[in-house]
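Worksheet: the structure to be examined is printed underneath.
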Amino acid sequence: MEQFKLFDDQEHLLLPEHLMEYIPAFFNEKESEHYLTKFLGTVPWQQTKVMMYEKEVITPRLSAWFGDQPIRKDDKRRPVIWTDELWQIKTKVEDHTGMIFNGVLLNYYRDGNDSVAWHSDKDTIIGLQTEIASISFGQARNFDFRNKENHRQQYSLELQNGSLLLMKGDLQKYWEHRIAKSSAPMNARINLTFRKVLH
Ligand SMILES: O=C(O)CCC(=O)C(=O)O
Ligand SMILES: [Fe+2]
């Protein structure tokens, strides 16, 4: 298993390019502010329930799914069709990456109490690698990732306003990620993960 080295001797950010690519100002401040305000005000945010150790728990964040089909085969909710803003962002991400996406999961972290626990994103097509493009607007939050077999091998990357993080190759197979709660005061942050769903 290779070791991630996040910074070189001059403190330049280094990521293994076949697994992760990070672009800090994919959107400029004006664009980012525009999208943050728009999504805060118009997205049909929901707090969902998940089963954890046979108990139903409420996710500590709000979310919404937009796309051509439901997020999961057994999800009865109708997918919400693309808005102009989400389509613009999807097009820009696709042009930059050469990837094609058919859905986007939006997460809204209202403050430092909102979080997402350790997990990896599931393959949508068995045997194929999961490629995900993640866009962040608003409050910068730490994105932690750890090796599934050795939890002490852990790294953290601050996802800045307007940034793009591409997660590629075997990243989801060998690594988990999370957004931890923070005791420092935190403003609103919205994250968009563009995905390809095939049922
Ligand atoms: O908010 C983030 O940056 C990550 C969200 C995430 O991991 C997910 O939706 O699967
Ligand atoms: Fe994730």
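Points worth noting:
Yes/no matrix, rows are residues, columns are (1) surrounded by 13 or more Cβ atoms within 10 Å (Cβ to Cβ); (2) modelled with pLDDT under 95; (3) not β-branched (Val, Ile, Thr):
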{"residue": "Glu54", "(1), (2), (3)": "no, yes, yes"}
{"residue": "Lys76", "(1), (2), (3)": "no, yes, yes"}
{"residue": "Pro79", "(1), (2), (3)": "yes, yes, yes"}
{"residue": "Leu86", "(1), (2), (3)": "yes, no, yes"}
{"residue": "Tyr109", "(1), (2), (3)": "yes, no, yes"}
{"residue": "Asn113", "(1), (2), (3)": "no, no, yes"}
{"residue": "Val116", "(1), (2), (3)": "yes, no, no"}
{"residue": "Ser120", "(1), (2), (3)": "yes, yes, yes"}
{"residue": "Ile126", "(1), (2), (3)": "no, yes, no"}
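- Considering Val80, Val116, Val93, the condition of being away from ligand 1 (no atom under 13 Å from the Cβ), closer than 18 Å to Leu171 by Cβ and not acidic (Asp, Glu) is satisfied by Val93 alone.
- In the stretch 14-29, the residues that are within 12 Å of Ser136 (Cα to Cα) and surrounded by 15 or more Cβ atoms within 10 Å (Cβ to Cβ) form no Cβ pair under 6 Å with any partner that is among the polar types (S, T, N, Q) and modelled with pLDDT under 85, whether six or more places apart or across chains.
- Scanning the stretch 148-169 for residues that are in a loop (DSSP other than H, G, I, E, B) and within 15 Å of ligand 2 (Cβ to nearest atom) yields Lys148, Lys168.
Per-residue answers, yes or no, for (1) under 21 Å from Met167 (Cβ atoms); (2) touching a Lys or Arg at 6+ places or on another chain (Cβ under 9 Å); (3) free of Cβ contacts under 8 Å to residues at least 40 places away in the same chain:
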site	(1), (2), (3)
Ala64	yes, no, no
Ile71	yes, yes, no
Asp74	no, no, yes
Val80	no, no, yes
Thr91	yes, no, yes
Gly98	yes, no, yes
Gly103	yes, yes, no
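- Residue in the stretch 132-147 that is assigned to a loop (DSSP other than H, G, I, E, B) and either among the charged types (D, E, K, R) or at positive phi (or both) present: no
The values are calculated or read from the model by the stated rules, or taken from the named source; none is laboratory data. In this text the structure is predicted, and so the values were computed from the model without any measurement. Neighbour counts run over all protein chains shown; Cβ positions are idealised from the backbone, glycine included.
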